[in-house]
1. Using only the alpha-carbon atoms, how far is helix 24-35 inclined from the longest principal axis of the chain? Give it as 0 to 90 degrees, nearest 10.
2. Calculate, for region 7-46, the solvent-accessible area per residue in square angstrom, rolling a 1.4 angstrom probe over the heavy atoms of the protein chains.
3. Which whole-number percent gives the relative contact order of region 13-102, counting Cα pairs below 8 Å spaced six or more residues apart?
4. Could you point to the label whose value was computed as log10 I(q)/I(0) by the Debye sum over Cα atoms at q = 0.11, 0.14, 0.24 Å⁻¹ for the structure here, given [x] -0.39, -0.62, -1.32; [y] -0.35, -0.57, -1.49; [z] -0.29, -0.48, -1.62?
5. Ranked by accessible surface with a 1.4 Å probe, highest first, in what order do TRP76, TRP30 come?
6. How big is the dipole moment of the chain about its Cα centre under a simple scheme where the beta carbon of each Lys and Arg is +1, that of each Asp and Glu is -1, and everything else is neutral? Debye, nearest 20, please.
Amino acid sequence: MPRERSHANGVTGVGTLTVAVDDVARLRRWYAAVTKQPGADITRPDLAGAGVRFVVGPHTLDFVAPTSASSPLLAWLDTRGPSPYAATFTGGRAGALDPAKTHGARLALA
């Protein structure tokens, strides 16, 4: 655990990490073997996607693949490949952080 546990914005930890993927079944098999849990099916209408969720300690890992041509995940995967897409942090005042200050990363406080 890091020694420094406070931040000016009030963040106390990572809540949810959303990862854009192109093969949910492969990720599910790997994480199910590692975590000894089956994962939960999820739908993400906000991303026009669906996938699987694993809860590891206080953290939630959402692996989401596009299910529609309108999904922003398609362009993400085309440009960056399977990779982290967004993160939600715990603590602080709830709301999205300014993308101009996060270098375009999709970060929010919950």
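1. 60 degrees
2. Values: 2590 Å² over 40 residues.
It amounts to 65 Å² per residue over region 7-46.
3. Values: 150 pairs, mean separation 35.3, N = 90.
Worked out over region 13-102, it gives 39 percent.
4. Recomputing log10 I(q)/I(0) by the Debye sum over Cα atoms at q = 0.11, 0.14, 0.24 Å⁻¹ here picks out [x].
5. Details: TRP76 35, TRP30 145 Å².
From most exposed to least exposed: TRP30, TRP76.
6. Numbers: 12 positive and 8 negative charges, 68 e Å.
Its charge dipole is roughly 320 debye.
The values are calculated or read from the model by the stated rules, or taken from the named source; none is laboratory data. Because the structure is a prediction, the values reported are computed rather than measured. Note that each Cβ is placed from the backbone with ideal geometry, even for glycine, and that neighbours are counted across all protein chains shown. SASA here: full protein model, heavy atoms, side chains in, ligands and nucleic acids out. Shrake-Rupley method; radii C 1.70, N 1.55, O 1.52, S 1.80 Å.
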